[in-house]
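Take a look at the structure set out below.
The values are calculated or read from the model by the stated rules, or taken from the named source; none is laboratory data. In this text, all values refer to a predicted model and were calculated from it rather than measured experimentally. Positions of Cβ are generated from backbone atoms using ideal geometry, with glycine treated the same way; all protein chains shown enter the neighbour counts.
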Amino acid sequence: MWKLVLQRLSILVAMLLIVSVAAFAVPLMSDGDPARTILMSRTSDFNLDPDAVESLRTELGLDRTLAAQYFGWLGHALRGDLGFSFATRQPVLSEIARALAVSLTLALTALGWALLVALPLGTLAAMRPGGKLDGATTLLIQTLVATPEYWFAPVSVLVFSLWLGVLPSAGWQGPSSLILPALALSLRPMAYFTQITRAAMSDVLQAPYISAARARGLSYNQSVLRHGLRNGSLPVITFFALWFAGLLGGSVVVEVIFAIPGMGRLLYDAVINNDVPMLQGAFVAMVGLAIVINTAADVFYVLINPAMRGRHAQ
Amino acid sequence: MPSDMILSPPDAPGLLSRAVIYTRSRHWTFRAGVAIVAAMIALIALAPWIAPHDPGAQDLLGRLKGPTAVHWLGTDHLGRDVLSRLLIGRQFTVTISAVAVVITLVIGTVIGVMAGRAGGLADELAMRTVDLLISVPDVVIAIFLIGVFGPGWLTLLVALTLTGWTPYARLARGLTREVNAREYIRAAEVLGMKRSFVMFRHILPNCIRPITAISFLRFGHKLITVGGLSYLGLGVQPPNPDWGLMLAEAQPYLERAPLLMIAPGAVIFLAALGVTWIGHGMEIDTSGTGEDRT
Amino acid sequence: MTLPTSVPTQGAKDTRAPLLEVRNLKVGITGRNKEVVRGLDLTVGHGEVVALVGESGSGKSVTALALSQLLPPGLEITEGSVRMGGRELVGTSEKDLTGIRGRDLSMLFQQPQTMLDPTSRVHVQVAEPLASKGSGRATFARVVDLLRGVGIPDPEARARAFSHELSGGMAQRVMMAAAMAGEPRLLIADEPTTALDVTVQAQILRLLRDEQRKRDLSILLITHDLSIVSAFSDRVCVMYAGRIVEEGPTPQIMKHPAHPYTRALIRCSLLEPEANGALPSIPGSSSRALSILEGCRFAPRCHVMAAAPDLESACCATEPALESKGQGWRTRCHATDAQTHGDAA
């Protein structure tokens with residue numbers, strides 16, 4: 001067990017280092033001089049004073065070697081100091097924290113809704129393989145997978161905000177502004193959750209312990225409820241983590257459409273404003289978080305699955 | 001069997017009739033997908049002849065008009081014909097997605113087969129990397145790179161490739177290990193056959209069908225991703241007509257001219273749906289034969 | 001063919017109607033005109049242990065599932081009746097069956113560990129057949145009693161265990177405790193010891209025997225192991241290609257089997273080398289026997305027919321009926337006793 005956790009953790013740390021190197025090094029590969037960029041954004045003047053540029057370069061530590069710069073940057077980053085945004089002059093970390101809370105709410109709402117539909121639907125489809133509901137479910141899955149958020153979102157805004165006027169079309173005030181973005185964001189995870197639930201449940205429904213439970217006098221439905229669902233949900237957990245990590249950052253399009261101040265919007269604004277520290281910070285936060293969540297889910301999966309727990313204990 | 005695809009006897013039916021036989025034997029979603037994609041390809045190929053208007057011709061007096069007999073899908077904010085712009089275009093979204101699929105397919109399959117053959121620590125390391133990378137959203141990487149290097153096809157391609165190879169690697173690795181475990185492979189190795197021979201003769205043919213199937217599914221996914229980046233203004237730059245870009249240009253006019261936004265979205269949706277259905281149709285039958293083989 | 005109206009040997013003491021009465025049971029593959037069980041007649045009396053014997057593929061496990069109305073999708077009962085204590089089970093609603101399974105009729109299976117839900121603790125599963133659901137603590141105490149009753153050491157700890165923490169023998173004891181929880185009258189045990197070590201096998205069989213005596217339990221024991229049959233059962237039914245070919249009191253049949261197939265099975269199970277040093281075997285395989293449509297299904301593998309050419313026309317043309325030899329002993333063979341035993345000399 002602990003061996004597994006240690007192994008996953010060491011791989012996690014290695015990956016995080018690679019991500020940090022990328023976040024640090026990639027901006028250096030572009031032609032821009034950070035000092036000039038910063039000064040330009042401060043003065044909005046293209047004729048920069050060479051002395052000012054030079055002193056800022058020293059101030060930023062840009063005259064040191066690359067390795068020294070990297071470890072300096074990493075040291076600050078580890079202490080939670082990701083620098084200041086060029087655009088807002090705010091600490092990058094606090095901006096990220098604020099945006100993350102928003103994205104977290106959005107992602108969990110979307111995934112919760114997706115699961116709410118997917119678990120029963122996938123289970124019902126698995127109970128009668130090849131039946132009408134199963135066919136309809138397959139069709140729905142394949143269709144949802146192909147539905148772009150940036151198509152569904154405007155259509156839903158059109159219907160619910162502009163025509164029916166029941167939901168706000170954009171912004172981030174109160175639960176009602178959460179509904180449409182969460183719905184748009186939930187479509188593809190919903191499709192994949194349904195697919196994985198269906199597959200897992202059709203395995204479980206044929207499992208010998210379901211027959212054994214029925215032989216003990218449980219009805220088919222009771223057997224599935226008491227002994228099938230937990231076993232069937234194990235693969236879904238892995239998938240949930242995958243999408244949770246993905247949605248935290250991958251919801252850029254939806255956040256931009258609905259003007260939601262989340263991580264995606266933060267990243268997008270950083271690009272638009274050419275805000276390198278914010279770009280670096282948001283990138284590290286999103287990719288790092290994705291990797292951390294994934295590792296956590298991996299370990300969690302082993303923890304809740306008694307059989308796995310036993311195997312790794314030996 | 002995959003080997004038939006390589007060594008067809010001389011009297012085998014022609015490529016076209018074989019394609020027809022193959023299509024007929026598939027799940028209905030495969031046929032529906034092929035129909036959608038074929039229709040779209042035909043329309044785009046014939047666009048210069050069938051497009052009703054010059055896609056660049058502006059008509060500021062007739063801007064943001066709904067569907068009329070002249071403009072079937074209405075006009076955009078510059079009075080350009082929406083239908084013509086959908087049909088004619090550099091098809092940036094489609095092209096870049098297709099190229100990304102091919103590159104990731106090759107890289108992923110090579111890594112997967114190598115990891116599966118090598119086993120041990122290399123395999124473990126490769127698969128853990130896949131596990132972690134697969135959860136990193138490609139949109140985030142794409143936006144980061146675009147933010148640094150600016151929009152462009154190369155940036156986009158690199159971004160899509162960085163994580164895009166992982167599903168192929170996982171699949172190819174699984175198939176490789178499955179084939180590896182079979183008696184005849186071990187027998188071949190005991191008999192002193194070269195590893196490369198075993199790889200090309202037995203492992204790769206086994207990978208072709210399942211990997212083709214997920215390529216179509218991934219293609220649909222890439223279309224949506226690239227379209228999304230274009231929509232954010234991070235893909236192709238105006239004035240080139242592109243599906244994603246048309247969406248972005250249409251957004252301010254959602255209320256006045258909803259069709260302006262619905263039409264290009266629907267086209268991306270249809271294209272993604274077509275390839276997804278093809279991939280799904282192939283996957284169903286592939287897993288079916290997989291059961292027969294074991 | 002005539003059906004038995006009373007149960008022989010042990011049952012002679014017992015004048016009640018048999019507990020389980022199966023008549024002309026047929027199990028077919030859905031959508032295909034193929035039968036796996038082809039008209040099975042079987043009775044189990046009160047307190048009687050009946051062994052159902054056959055090679056793999058003879059349809060004995062399918063029979064077990066058919067009796068409890070738990071056939072997997074793809075298999076269905078096409079004809080016949082299964083009466084349990086006078087109550088017809090075929091066609092009974094699933095709702096009513098849940099009141100019968102686990103209460104009147106319990107089951108043991110071949111792979112006890114795969115029969116336990118890996119994510120659910122032992123006591124939860126053992127408690128399921130309990131009739132009255134009392135408080136959680138009372139139920140748990142009852143489960144611990146049951147586990148102790150089947151000889152599980154430290155039952156309180158084991159009650160909280162998961163299936164992967166149990167050995168095969170221990171898992172089968174847990175299954176036994178669950179099977180006994182509903183105080184059933186009939187236990188259908190499908191190869192309950194096949195997957196276990198030999199020493200554990202003996203323990204489980206002893207446990208079965210104890211429970212059977214203690215509760216006046218009827219057992220239908222499905223097995224391919226003739227040593228278990230002779231040590232354990234009152235009556236034996238030999239199944240071949242979906243039908244009973246011989247049935248009767250165990251001691252007589254084990255000593256003087258009348259059907260060539262039973263004879264061959266017994267000879268093979270002794271593992272005594274023949275004159276040429278080879279271990280005995282039955283030529284051919286049972287897997288194709290179901291596709292034989294005319295005559296005796298065993299004919300292609302039958303050494304008696306091979307030794308007596310004049311039998312061949314009868315054996316290959318019509319399937320013999322199950323004919324009584326007296327004392328509840330019945331067999332399905334065209335050959336006379338002299339022909340059957342002739343080659344044994």
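B:G79: touching a Pro at 6+ places or on another chain (Cβ under 9 Å) and at positive phi, yes or no? Can you show your working first?
On the way: touching a Pro at 6+ places or on another chain (Cβ under 9 Å): no; at positive phi: yes.
In short, no.
Looking at segment B:125-184, the helices (runs of 4 or more DSSP H) lying wholly inside it that each contain 2 or more residues that are at the interface with another protein chain (Cβ under 10 Å from one of its Cβ atoms) and farther than 30 Å from B:F200 by Cβ sit at B:138-149.
Kindly indicate whether A:G217 is outside any helix (DSSP H, G or I) and either buried (at least 24 other Cβ atoms within 10 Å of the Cβ) or within 14 Å of chain C (Cβ to nearest Cβ) (or both). In short, yes.
Assess whether C:A306 counts as being assigned to a helix (DSSP H, G or I), outside the structural domain of C:G54 (by TED's automatic domain parsing) and without any contact (Cβ under 8 Å) to a residue 12 or more places away in the chain. Yes.
Any idea which residue in segment A:52-87 is nearest to A:L279 (Cα to Cα), counting only those that are among the small types (G, A, S) and touching a Leu at 6+ places or on another chain (Cβ under 8 Å)?
Taking segment A:52-87 and keeping what is among the small types (G, A, S), we get A:52, A:55, A:61, A:67-68, A:72, A:75, A:77, A:80, A:83, A:85, A:87.
This time we only want the ones that are touching a Leu at 6+ places or on another chain (Cβ under 8 Å), so: A:52, A:80.
Working: A:A52: 24, A:G80: 15 Å.
Going through the qualifying residues, I end up with A:G80.
Assess whether C:V82 counts as being more than 13 Å from every other protein chain (Cβ to nearest Cβ) and either over 26 Å from C:Q201 (Cα atoms) or in a loop (DSSP other than H, G, I, E, B) (or both). For C:V82, the condition - more than 13 Å from every other protein chain (Cβ to nearest Cβ) and either over 26 Å from C:Q201 (Cα atoms) or in a loop (DSSP other than H, G, I, E, B) (or both) - is met. Report yes if some residue within segment B:91-100 is in contact with a Ser or Thr (Cβ under 7 Å, 6 or more places away or on another chain), assigned to a helix (DSSP H, G or I) and at pLDDT 90 or above; otherwise report no. Checked against the condition, which is being in contact with a Ser or Thr (Cβ under 7 Å, 6 or more places away or on another chain), assigned to a helix (DSSP H, G or I) and at pLDDT 90 or above, segment B:91-100 yields at least one hit.
Being in contact (Cβ under 8 Å) with a residue 24 or more places away in the chain and surrounded by 14 or more Cβ atoms within 10 Å (Cβ to Cβ) is the filter here; which residues of segment B:57-74 pass it?
From segment B:57-74, those in contact (Cβ under 8 Å) with a residue 24 or more places away in the chain are B:57, B:64-67, B:73-74; that's our starting set.
Listed by number, the residues that qualify are B:L64, B:K65, B:P67, B:L73, B:G74.
Got at least one residue in segment B:158-178 being among the aliphatic types (A, V, I, L, M), over 18 Å from the mean Cα position of the chain (by Cα) and modelled with pLDDT of 75 or more? Looking for residues that are among the aliphatic types (A, V, I, L, M), over 18 Å from the mean Cα position of the chain (by Cα) and modelled with pLDDT of 75 or more, one finds at least one in segment B:158-178, hence yes.
Let's see how each residue does on (1) of a type in the set (G, A, S); (2) outside the structural domain of C:H334 (by TED's automatic domain parsing); (3) in contact (Cβ under 8 Å) with a residue 40 or more places away in the chain; (4) over 27 Å from C:D117 (Cα atoms):
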| position | (1), (2), (3), (4) |
| --- | --- |
| C:P184 | no, yes, yes, no |
| C:Q201 | no, yes, no, no |
| C:D225 | no, yes, yes, yes |
| C:Y240 | no, yes, yes, yes |
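Answer with yes or no whether C:L65 is closer than 20 Å to A:V224 by Cα and part of a helix (DSSP H, G or I). Answer is yes for this residue. Screening A:A212 against (1) over 13 Å from C:D117 (Cα atoms); (2) at the interface with another protein chain (Cβ under 9 Å from one of its Cβ atoms); (3) aliphatic (A, V, I, L, M) leaves a single unmet condition, (1). The set of residues in segment A:165-210 being crowded, with 20+ Cβ neighbours inside 10 Å and among the polar types (S, T, N, Q) consists of A:S169, A:S186, A:T194, A:Q195, A:T197.
On the stretch given as segment A:261-284, residues that are surrounded by fewer than 24 Cβ atoms within 10 Å (Cβ to Cβ) and within 13 Å of A:L106 (Cα to Cα) total 2. Got at least one residue in segment A:233-248 being surrounded by 24 or more Cβ atoms within 10 Å (Cβ to Cβ), at the interface with another protein chain (Cβ under 7 Å from one of its Cβ atoms), in a helix (DSSP H, G or I) and within 18 Å of the chain's Cα centre (by Cα)? Within segment A:233-248 (the criterion being surrounded by 24 or more Cβ atoms within 10 Å (Cβ to Cβ), at the interface with another protein chain (Cβ under 7 Å from one of its Cβ atoms), in a helix (DSSP H, G or I) and within 18 Å of the chain's Cα centre (by Cα)), the answer is yes, since at least one residue qualifies. From the list C:S120, C:S106, the one residue that fits, being surrounded by 17 or more Cβ atoms within 10 Å (Cβ to Cβ), touching a residue at least 60 places away in the same chain (Cβ under 8 Å) and either within 12 Å of chain A (Cβ to nearest Cβ) or within 16 Å of C:A171 (Cβ to Cβ) (or both), is C:S106.
Just checking, how many residues over segment A:220-232 are crowded, with 21+ Cβ neighbours inside 10 Å, more than 7 Å from chain C (Cβ to nearest Cβ) and out of contact with any Lys or Arg (no Cβ under 8 Å at 6 or more places or on another chain)? The number of residues fulfilling the criteria is 3.
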